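Chemist: Structure below; questions to follow.
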Amino acid sequence: MVATLADRWASWSARLNRGLLGDGGARLTVGFRLPLLWLAALLVAALILPDRVWTTLLIGLLGLIAVAFMWARVLARGLAAERRLKYGWVSVGDRLEEEFAVYNRSGLPALWVEVRDQSNVPGYRIGAVRSVGALDSARWRQSSICTRRGQYRLGPWEIVSGDPFGIFRLTRRYEAAQELIIHPPIHTALPIPLPPGRVEGRSRSRERAPQATVNAATVRDYHIQDPYRWIHWPTTARRDALYVRQFERDAAGDIRLVLDCHAAAQLGEGAEGTEEHAVLLAASLAARALSETRDIGLNAYGAEPQIVLPGLGEGQQWRILRALALLRADGDVRLARALREFGNTARRGSAAIIITPTAEADWLPQLAQLARQGIECQVLLLDRQSFGGDGNSEALRRAINLLGVRCATVRRGEIGRPITEEARRGFWEFKVTGTGKAVAVRRPGG
(Lines give C-alpha, C1' and ligand atoms only; values in the text may rest on other atoms or scores of the structure.)
Protein backbone atom coordinates (compact mmCIF):
# COMPACT_ATOMS: atom_id res chain seq x y z
CA MET A 1 0.00 0.00 0.00
CA VAL A 2 2.82 2.34 0.88
CA ALA A 3 4.48 1.60 -2.47
CA THR A 4 1.20 2.28 -4.30
CA LEU A 5 0.74 5.62 -2.56
CA ALA A 6 4.33 6.58 -3.31
CA ASP A 7 3.85 5.76 -7.00
CA ARG A 8 0.66 7.77 -7.19
CA TRP A 9 2.33 10.69 -5.43
CA ALA A 10 5.28 10.60 -7.85
CA SER A 11 2.93 10.52 -10.87
CA TRP A 12 0.75 13.34 -9.55
CA SER A 13 3.77 15.47 -8.66
CA ALA A 14 5.29 14.95 -12.13
CA ARG A 15 2.04 15.98 -13.82
CA LEU A 16 1.82 19.04 -11.60
CA ASN A 17 5.39 20.10 -12.34
CA ARG A 18 4.75 19.77 -16.09
CA GLY A 19 2.03 22.36 -15.68
CA LEU A 20 -0.92 20.13 -16.58
CA LEU A 21 -3.02 21.83 -13.93
CA GLY A 22 -2.42 25.30 -15.31
CA ASP A 23 -5.20 27.54 -16.54
CA GLY A 24 -5.41 30.04 -19.38
CA GLY A 25 -1.76 29.85 -20.38
CA ALA A 26 -0.41 29.95 -16.83
CA ARG A 27 1.64 26.97 -15.65
CA LEU A 28 1.12 25.73 -12.09
CA THR A 29 3.94 23.85 -10.38
CA VAL A 30 5.01 22.81 -6.90
CA GLY A 31 7.20 25.43 -5.30
CA PHE A 32 7.67 24.02 -1.78
CA ARG A 33 7.56 20.21 -1.57
CA LEU A 34 7.95 19.73 2.17
CA PRO A 35 4.23 20.18 3.07
CA LEU A 36 3.32 17.59 0.43
CA LEU A 37 5.86 15.17 1.87
CA TRP A 38 4.38 15.77 5.32
CA LEU A 39 0.94 15.06 3.90
CA ALA A 40 2.11 11.75 2.48
CA ALA A 41 3.81 10.83 5.77
CA LEU A 42 0.72 11.72 7.82
CA LEU A 43 -1.48 9.71 5.45
CA VAL A 44 0.73 6.64 5.89
CA ALA A 45 0.79 7.15 9.69
CA ALA A 46 -3.00 7.51 9.82
CA LEU A 47 -3.45 4.26 7.89
CA ILE A 48 -0.87 2.22 9.80
CA LEU A 49 -1.34 3.73 13.29
CA PRO A 50 -4.89 5.10 13.48
CA ASP A 51 -5.04 7.88 16.07
CA ARG A 52 -6.91 11.16 16.56
CA VAL A 53 -3.64 13.12 16.53
CA TRP A 54 -2.64 11.86 13.09
CA THR A 55 -6.16 12.42 11.78
CA THR A 56 -6.28 15.99 13.10
CA LEU A 57 -2.89 16.86 11.66
CA LEU A 58 -3.79 15.21 8.37
CA ILE A 59 -7.03 17.14 8.03
CA GLY A 60 -5.36 20.44 9.01
CA LEU A 61 -2.48 20.01 6.59
CA LEU A 62 -4.81 18.82 3.83
CA GLY A 63 -6.93 21.93 4.32
CA LEU A 64 -3.86 24.15 4.19
CA ILE A 65 -2.71 22.57 0.92
CA ALA A 66 -6.23 22.80 -0.52
CA VAL A 67 -6.43 26.50 0.33
CA ALA A 68 -2.99 27.11 -1.17
CA PHE A 69 -3.90 25.22 -4.33
CA MET A 70 -7.20 27.06 -4.83
CA TRP A 71 -5.47 30.40 -4.16
CA ALA A 72 -2.87 29.65 -6.83
CA ARG A 73 -5.58 28.43 -9.24
CA VAL A 74 -7.55 31.65 -8.84
CA LEU A 75 -4.41 33.74 -9.42
CA ALA A 76 -3.56 31.65 -12.48
CA ARG A 77 -6.85 32.73 -14.02
CA GLY A 78 -6.60 36.38 -13.03
CA LEU A 79 -2.95 37.43 -13.27
CA ALA A 80 -1.65 39.00 -16.49
CA ALA A 81 1.02 41.50 -17.44
CA GLU A 82 2.19 43.68 -20.31
CA ARG A 83 5.24 45.75 -21.19
CA ARG A 84 5.60 48.68 -23.57
CA LEU A 85 8.76 50.28 -24.94
CA LYS A 86 8.49 54.02 -24.46
CA TYR A 87 10.87 55.14 -27.21
CA GLY A 88 11.48 52.80 -30.14
CA TRP A 89 14.53 54.65 -31.50
CA VAL A 90 17.56 54.89 -29.21
CA SER A 91 21.27 55.47 -29.64
CA VAL A 92 24.29 55.02 -27.41
CA GLY A 93 23.94 57.32 -24.41
CA ASP A 94 20.13 57.46 -24.56
CA ARG A 95 17.87 56.06 -21.91
CA LEU A 96 16.06 52.83 -22.72
CA GLU A 97 12.77 52.96 -20.85
CA GLU A 98 9.87 50.52 -20.61
CA GLU A 99 6.53 50.63 -18.84
CA PHE A 100 5.39 47.47 -17.07
CA ALA A 101 1.91 46.68 -15.81
CA VAL A 102 0.65 43.67 -13.81
CA TYR A 103 -3.12 43.13 -13.63
CA ASN A 104 -4.90 41.03 -11.02
CA ARG A 105 -8.46 40.38 -12.15
CA SER A 106 -9.12 37.79 -9.46
CA GLY A 107 -10.80 38.26 -6.11
CA LEU A 108 -7.68 37.27 -4.14
CA PRO A 109 -4.55 39.41 -3.67
CA ALA A 110 -1.22 38.43 -5.18
CA LEU A 111 1.14 39.02 -2.30
CA TRP A 112 4.15 38.80 -4.62
CA VAL A 113 4.58 38.89 -8.38
CA GLU A 114 8.08 38.54 -9.81
CA VAL A 115 9.02 39.63 -13.34
CA ARG A 116 11.74 37.56 -14.99
CA ASP A 117 13.21 38.82 -18.23
CA GLN A 118 15.45 37.22 -20.85
CA SER A 119 16.36 40.38 -22.77
CA ASN A 120 19.95 40.56 -23.97
CA VAL A 121 20.45 44.35 -23.96
CA PRO A 122 23.82 45.05 -22.27
CA GLY A 123 23.38 46.47 -18.78
CA TYR A 124 19.58 46.19 -18.86
CA ARG A 125 18.35 44.00 -16.02
CA ILE A 126 14.76 43.57 -14.91
CA GLY A 127 14.32 42.01 -11.50
CA ALA A 128 11.11 43.50 -10.17
CA VAL A 129 8.82 42.09 -7.45
CA ARG A 130 5.46 43.74 -6.82
CA SER A 131 2.40 43.13 -4.66
CA VAL A 132 -0.97 43.45 -6.42
CA GLY A 133 -4.25 43.58 -4.55
CA ALA A 134 -7.48 41.93 -5.59
CA LEU A 135 -9.03 43.51 -8.69
CA ASP A 136 -6.09 45.91 -8.83
CA SER A 137 -3.01 46.60 -10.92
CA ALA A 138 0.58 47.73 -10.44
CA ARG A 139 2.52 49.90 -12.89
CA TRP A 140 6.15 50.98 -12.93
CA ARG A 141 8.97 51.99 -15.24
CA GLN A 142 12.25 50.24 -15.85
CA SER A 143 15.12 52.11 -17.45
CA SER A 144 18.81 51.89 -18.25
CA ILE A 145 21.45 53.76 -20.24
CA CYS A 146 22.32 52.32 -23.66
CA THR A 147 26.05 51.71 -23.57
CA ARG A 148 26.69 49.57 -26.65
CA ARG A 149 25.40 49.76 -30.20
CA GLY A 150 24.03 46.67 -31.88
CA GLN A 151 20.95 44.55 -32.49
CA TYR A 152 19.30 43.15 -29.38
CA ARG A 153 15.94 41.84 -28.22
CA LEU A 154 13.50 42.66 -25.43
CA GLY A 155 12.00 39.40 -24.17
CA PRO A 156 10.90 36.66 -23.87
CA TRP A 157 9.76 37.23 -20.31
CA GLU A 158 7.48 35.79 -17.64
CA ILE A 159 5.71 36.59 -14.40
CA VAL A 160 5.86 34.28 -11.40
CA SER A 161 3.57 34.29 -8.37
CA GLY A 162 1.99 31.87 -5.94
CA ASP A 163 -0.04 31.29 -2.81
CA PRO A 164 0.88 32.98 0.51
CA PHE A 165 2.44 29.75 1.84
CA GLY A 166 4.71 29.25 -1.14
CA ILE A 167 3.50 25.69 -1.79
CA PHE A 168 2.32 26.26 -5.36
CA ARG A 169 3.85 28.52 -7.97
CA LEU A 170 2.28 29.83 -11.14
CA THR A 171 4.20 31.03 -14.19
CA ARG A 172 2.77 32.93 -17.11
CA ARG A 173 5.26 33.21 -19.96
CA TYR A 174 5.25 35.71 -22.84
CA GLU A 175 7.26 34.36 -25.76
CA ALA A 176 7.03 37.45 -27.96
CA ALA A 177 10.35 39.29 -28.30
CA GLN A 178 10.81 42.78 -29.74
CA GLU A 179 13.85 43.69 -31.81
CA LEU A 180 15.80 46.70 -30.58
CA ILE A 181 18.49 48.48 -32.60
CA ILE A 182 20.80 50.71 -30.57
CA HIS A 183 22.31 53.17 -33.05
CA PRO A 184 25.68 54.87 -32.77
CA PRO A 185 25.62 58.47 -31.50
CA ILE A 186 26.04 61.44 -33.81
CA HIS A 187 28.43 64.30 -33.07
CA THR A 188 27.63 67.46 -35.03
CA ALA A 189 30.79 69.42 -34.18
CA LEU A 190 33.46 67.34 -35.93
CA PRO A 191 36.16 69.64 -37.38
CA ILE A 192 36.45 67.45 -40.47
CA PRO A 193 35.29 68.86 -43.85
CA LEU A 194 33.53 66.73 -46.41
CA PRO A 195 35.30 66.08 -49.71
CA PRO A 196 33.61 68.09 -52.47
CA GLY A 197 33.67 65.63 -55.35
CA ARG A 198 32.21 66.72 -58.65
CA VAL A 199 29.84 65.08 -61.08
CA GLU A 200 31.78 65.11 -64.32
CA GLY A 201 30.39 66.73 -67.45
CA ARG A 202 28.09 69.30 -65.86
CA SER A 203 28.44 72.22 -63.53
CA ARG A 204 24.86 72.17 -62.41
CA SER A 205 22.63 69.26 -61.54
CA ARG A 206 19.46 68.57 -63.48
CA GLU A 207 18.00 66.49 -60.67
CA ARG A 208 15.34 68.10 -58.54
CA ALA A 209 15.89 67.96 -54.78
CA PRO A 210 13.04 67.14 -52.38
CA GLN A 211 14.53 69.52 -49.79
CA ALA A 212 15.76 73.09 -49.85
CA THR A 213 19.32 73.56 -51.16
CA VAL A 214 21.45 76.56 -52.05
CA ASN A 215 20.49 76.19 -55.72
CA ALA A 216 17.06 77.28 -56.92
CA ALA A 217 16.48 76.22 -60.53
CA THR A 218 12.99 77.41 -61.37
CA VAL A 219 9.53 77.95 -59.87
CA ARG A 220 6.39 75.84 -59.80
CA ASP A 221 2.82 76.03 -58.51
CA TYR A 222 2.35 76.09 -54.75
CA HIS A 223 1.23 72.85 -53.11
CA ILE A 224 -0.53 72.70 -49.76
CA GLN A 225 2.39 70.88 -48.08
CA ASP A 226 5.04 73.38 -49.22
CA PRO A 227 6.60 75.59 -46.49
CA TYR A 228 5.84 79.29 -46.73
CA ARG A 229 9.54 80.10 -46.84
CA TRP A 230 9.77 78.51 -50.29
CA ILE A 231 7.32 81.02 -51.81
CA HIS A 232 8.89 83.13 -54.56
CA TRP A 233 7.17 86.47 -53.97
CA PRO A 234 8.19 88.30 -57.19
CA THR A 235 6.69 85.55 -59.37
CA THR A 236 3.65 85.33 -57.05
CA ALA A 237 3.01 89.07 -57.40
CA ARG A 238 3.55 89.06 -61.18
CA ARG A 239 1.24 86.10 -61.89
CA ASP A 240 -1.25 86.75 -59.09
CA ALA A 241 -0.93 83.17 -57.80
CA LEU A 242 1.29 81.39 -55.32
CA TYR A 243 4.55 80.02 -56.73
CA VAL A 244 7.41 78.34 -54.87
CA ARG A 245 11.06 77.86 -55.77
CA GLN A 246 12.04 74.51 -57.28
CA PHE A 247 15.39 73.41 -55.88
CA GLU A 248 18.01 71.26 -57.54
CA ARG A 249 20.67 69.08 -56.12
CA ASP A 250 24.17 70.40 -55.79
CA ALA A 251 26.59 69.38 -58.53
CA ALA A 252 28.90 67.72 -56.00
CA GLY A 253 29.22 63.98 -56.44
CA ASP A 254 28.15 61.31 -54.02
CA ILE A 255 30.26 60.23 -51.03
CA ARG A 256 31.15 56.73 -49.91
CA LEU A 257 32.27 55.96 -46.37
CA VAL A 258 34.85 53.18 -46.61
CA LEU A 259 35.61 51.61 -43.21
CA ASP A 260 38.61 49.38 -42.63
CA CYS A 261 37.11 46.35 -40.85
CA HIS A 262 40.19 44.12 -40.95
CA ALA A 263 40.23 42.44 -37.53
CA ALA A 264 44.05 42.40 -37.26
CA ALA A 265 44.22 46.19 -37.60
CA GLN A 266 41.89 46.98 -34.70
CA LEU A 267 43.00 48.20 -31.26
CA GLY A 268 41.22 48.64 -27.94
CA GLU A 269 37.87 47.48 -26.62
CA GLY A 270 34.43 49.05 -26.40
CA ALA A 271 34.09 52.83 -26.55
CA GLU A 272 37.87 53.23 -26.22
CA GLY A 273 38.64 51.08 -29.28
CA THR A 274 39.26 51.93 -32.91
CA GLU A 275 36.08 50.17 -34.05
CA GLU A 276 33.77 52.45 -32.05
CA HIS A 277 35.73 55.56 -33.05
CA ALA A 278 35.42 54.61 -36.72
CA VAL A 279 31.67 54.00 -36.38
CA LEU A 280 31.18 57.31 -34.57
CA LEU A 281 33.08 59.15 -37.29
CA ALA A 282 31.05 57.46 -40.02
CA ALA A 283 27.69 58.18 -38.36
CA SER A 284 28.54 61.84 -37.77
CA LEU A 285 29.89 62.43 -41.28
CA ALA A 286 26.88 60.70 -42.83
CA ALA A 287 24.49 62.92 -40.89
CA ARG A 288 26.37 66.03 -42.00
CA ALA A 289 26.41 64.95 -45.64
CA LEU A 290 22.67 64.28 -45.63
CA SER A 291 22.00 67.65 -43.99
CA GLU A 292 23.89 69.24 -46.90
CA THR A 293 21.81 67.25 -49.42
CA ARG A 294 24.73 65.05 -50.47
CA ASP A 295 24.24 61.47 -51.60
CA ILE A 296 26.14 59.20 -49.24
CA GLY A 297 26.68 55.46 -48.93
CA LEU A 298 28.66 52.96 -46.89
CA ASN A 299 31.17 50.22 -47.70
CA ALA A 300 32.36 48.11 -44.77
CA TYR A 301 33.73 44.60 -45.28
CA GLY A 302 33.48 42.84 -41.94
CA ALA A 303 32.62 39.17 -41.47
CA GLU A 304 29.09 40.31 -42.43
CA PRO A 305 29.63 43.11 -45.00
CA GLN A 306 27.51 46.22 -44.59
CA ILE A 307 26.95 47.88 -47.98
CA VAL A 308 24.58 50.83 -48.37
CA LEU A 309 24.27 52.40 -51.81
CA PRO A 310 24.38 56.22 -51.97
CA GLY A 311 21.10 57.96 -51.35
CA LEU A 312 19.40 60.97 -49.82
CA GLY A 313 16.84 61.73 -47.18
CA GLU A 314 15.89 60.66 -43.69
CA GLY A 315 15.36 57.06 -44.77
CA GLN A 316 18.96 56.90 -45.99
CA GLN A 317 20.18 58.09 -42.60
CA TRP A 318 18.29 55.27 -40.84
CA ARG A 319 19.70 52.75 -43.30
CA ILE A 320 23.25 53.89 -42.64
CA LEU A 321 22.75 54.05 -38.87
CA ARG A 322 21.29 50.56 -38.85
CA ALA A 323 24.21 49.22 -40.88
CA LEU A 324 26.67 50.92 -38.52
CA ALA A 325 24.82 49.54 -35.49
CA LEU A 326 25.27 46.01 -36.84
CA LEU A 327 28.83 46.54 -38.04
CA ARG A 328 31.64 44.50 -36.49
CA ALA A 329 35.30 45.00 -37.41
CA ASP A 330 35.97 41.27 -37.48
CA GLY A 331 36.62 40.68 -41.17
CA ASP A 332 39.61 39.21 -43.01
CA VAL A 333 39.45 41.68 -45.92
CA ARG A 334 42.48 43.95 -45.89
CA LEU A 335 42.11 47.63 -46.74
CA ALA A 336 43.79 47.27 -50.16
CA ARG A 337 41.21 44.72 -51.24
CA ALA A 338 38.35 46.81 -49.80
CA LEU A 339 39.50 49.82 -51.85
CA ARG A 340 39.74 47.66 -54.96
CA GLU A 341 36.17 46.41 -54.42
CA PHE A 342 35.01 49.98 -53.93
CA GLY A 343 36.81 51.18 -57.05
CA ASN A 344 35.02 48.59 -59.17
CA THR A 345 31.62 50.14 -58.36
CA ALA A 346 32.39 53.83 -57.76
CA ARG A 347 31.74 56.27 -60.55
CA ARG A 348 34.07 59.01 -61.70
CA GLY A 349 33.58 62.29 -59.86
CA SER A 350 32.42 60.71 -56.61
CA ALA A 351 34.31 61.00 -53.32
CA ALA A 352 35.45 58.56 -50.68
CA ILE A 353 36.16 59.02 -46.97
CA ILE A 354 38.45 56.20 -45.86
CA ILE A 355 38.57 55.53 -42.11
CA THR A 356 41.31 53.17 -40.97
CA PRO A 357 43.49 52.40 -37.94
CA THR A 358 46.20 50.66 -39.96
CA ALA A 359 49.83 51.70 -39.95
CA GLU A 360 50.79 49.63 -43.00
CA ALA A 361 51.34 51.21 -46.37
CA ASP A 362 50.46 48.29 -48.66
CA TRP A 363 47.15 49.93 -49.61
CA LEU A 364 48.65 53.21 -50.88
CA PRO A 365 48.98 51.98 -54.50
CA GLN A 366 45.28 51.24 -54.53
CA LEU A 367 44.61 54.70 -53.07
CA ALA A 368 46.61 56.24 -55.92
CA GLN A 369 44.63 54.14 -58.41
CA LEU A 370 41.37 55.60 -57.07
CA ALA A 371 42.74 59.09 -57.61
CA ARG A 372 43.60 58.17 -61.22
CA GLN A 373 40.03 56.96 -61.69
CA GLY A 374 38.78 60.45 -60.83
CA ILE A 375 37.59 59.55 -57.33
CA GLU A 376 38.48 62.19 -54.77
CA CYS A 377 39.69 60.52 -51.58
CA GLN A 378 40.04 61.75 -48.03
CA VAL A 379 41.68 59.60 -45.35
CA LEU A 380 41.02 59.65 -41.60
CA LEU A 381 43.79 57.83 -39.76
CA LEU A 382 43.08 56.58 -36.25
CA ASP A 383 46.36 57.19 -34.41
CA ARG A 384 47.57 53.79 -33.24
CA GLN A 385 49.83 55.08 -30.50
CA SER A 386 46.97 56.90 -28.76
CA PHE A 387 45.05 53.60 -28.77
CA GLY A 388 47.92 51.76 -27.15
CA GLY A 389 49.37 50.18 -30.29
CA ASP A 390 52.59 50.45 -32.24
CA GLY A 391 53.23 51.95 -35.65
CA ASN A 392 53.89 55.47 -36.91
CA SER A 393 50.60 57.01 -38.07
CA GLU A 394 52.30 60.38 -38.63
CA ALA A 395 54.73 58.92 -41.16
CA LEU A 396 51.82 57.25 -42.98
CA ARG A 397 49.95 60.55 -43.02
CA ARG A 398 52.89 62.29 -44.71
CA ALA A 399 53.09 59.53 -47.29
CA ILE A 400 49.38 59.91 -48.07
CA ASN A 401 49.78 63.68 -48.45
CA LEU A 402 52.59 63.11 -50.96
CA LEU A 403 50.04 61.30 -53.14
CA GLY A 404 47.96 64.50 -53.20
CA VAL A 405 45.28 63.04 -50.89
CA ARG A 406 44.05 64.92 -47.86
CA CYS A 407 44.62 63.07 -44.60
CA ALA A 408 43.81 63.83 -40.97
CA THR A 409 44.84 61.98 -37.82
CA VAL A 410 42.23 61.26 -35.14
CA ARG A 411 43.40 60.37 -31.64
CA ARG A 412 41.55 58.48 -28.99
CA GLY A 413 38.98 60.61 -27.16
CA GLU A 414 39.05 63.51 -29.65
CA ILE A 415 35.59 62.81 -31.05
CA GLY A 416 33.67 62.23 -27.85
CA ARG A 417 33.65 60.15 -24.70
CA PRO A 418 31.16 57.45 -23.69
CA ILE A 419 28.10 58.97 -22.05
CA THR A 420 27.34 57.80 -18.52
CA GLU A 421 24.37 58.30 -16.23
CA GLU A 422 26.27 60.90 -14.22
CA ALA A 423 27.42 62.79 -17.30
CA ARG A 424 23.94 63.24 -18.77
CA ARG A 425 22.49 65.04 -15.71
CA GLY A 426 18.92 64.37 -16.76
CA PHE A 427 16.98 63.12 -19.76
CA TRP A 428 14.64 64.53 -22.35
CA GLU A 429 11.09 63.30 -22.55
CA PHE A 430 7.88 64.49 -24.19
CA LYS A 431 4.98 66.03 -22.29
CA VAL A 432 1.57 66.95 -23.67
CA THR A 433 0.31 70.38 -22.60
CA GLY A 434 -3.28 71.28 -21.88
CA THR A 435 -3.69 72.57 -25.42
CA GLY A 436 -2.60 69.23 -26.90
CA LYS A 437 0.88 70.37 -27.92
CA ALA A 438 3.80 67.98 -27.36
CA VAL A 439 6.89 69.65 -25.91
CA ALA A 440 10.28 68.28 -24.87
CA VAL A 441 11.19 68.74 -21.21
CA ARG A 442 14.23 67.69 -19.27
CA ARG A 443 13.67 65.27 -16.40
CA PRO A 444 16.38 64.89 -13.75
CA GLY A 445 18.31 61.66 -13.92
CA GLY A 446 18.29 59.11 -11.16
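Chemist: Would you give the gap between the C-alpha center of the range 309-367 and the C-alpha center of the range 101-149, rounded to a whole Å?
Modeler: 44 Å
Chemist: While we're on this one: Using 1/(1 + (r/R0)^6) with R0 = 60 angstrom and r between the beta carbons of R125 and A237, what's the FRET efficiency to the nearest 0.05?
Modeler: 0.40
Chemist: In Å³ and rounded to a whole number, note down the convex hull volume per residue for the Cα atoms of the range 234-312.
Modeler: Roughly 122 Å³ of hull volume per residue.
Chemist: Here's another thing I want to ask about it. Q246 versus Q369, label points 7 Å from Cα toward the beta carbon: distance in nm?
Modeler: Calculated label separation equals 4.3 nm.
Chemist: If you count only protein heavy atoms and use a 1.4 Å probe, how large is the accessible surface of S143, to the nearest 10 Å²?
Modeler: Around 50 Å² of this residue is reachable by solvent.
Chemist: Run the simple label-point estimate for S143 and Q118 please: 7 Å along Cα→C-beta, distance reported in nm.
Modeler: Each label point lies 7 Å from its Cα, and together they span 2.9 nm.
Chemist: Residue-wise, which Karplus ³J(HN,Hα) couplings in Hz belong to the range 253-266, taking 6.51 cos²θ - 1.76 cosθ + 1.60, θ = phi - 60°, and x for glycine or proline?
Modeler: For the range 253-266, the Karplus curve yields x, 6, 10, 10, 8, 10, 9, 7, 10, 5, 4, 5, 8, 7 Hz.
Chemist: State, in angstrom, two size descriptors of the range 240-361 derived from its alpha carbons: Rg to one decimal place and Dmax to the nearest whole number.
Modeler: Answer for the range 240-361, Rg first and Dmax second: 16.4, 67 Å.
Chemist: I'd like the accessible area for F69, computed on protein heavy atoms only with a 1.4 Å probe and all protein chains in place. Round to 10 Å², please.
Modeler: Accessible area, nearest 10 Å²: 50 Å².
The values are calculated or read from the model by the stated rules, or taken from the named source; none is laboratory data. Predicted model, so just to flag it, every value in this text is computed and none were measured. Don't worry about glycine lacking a Cβ; one is built from the backbone with ideal geometry, like all the others, and counts go over all protein chains shown. To get the accessible areas, we keep the full protein, side chains included, count just its heavy atoms, and leave off ligands, DNA and RNA. Shrake-Rupley method; radii C 1.70, N 1.55, O 1.52, S 1.80 Å.
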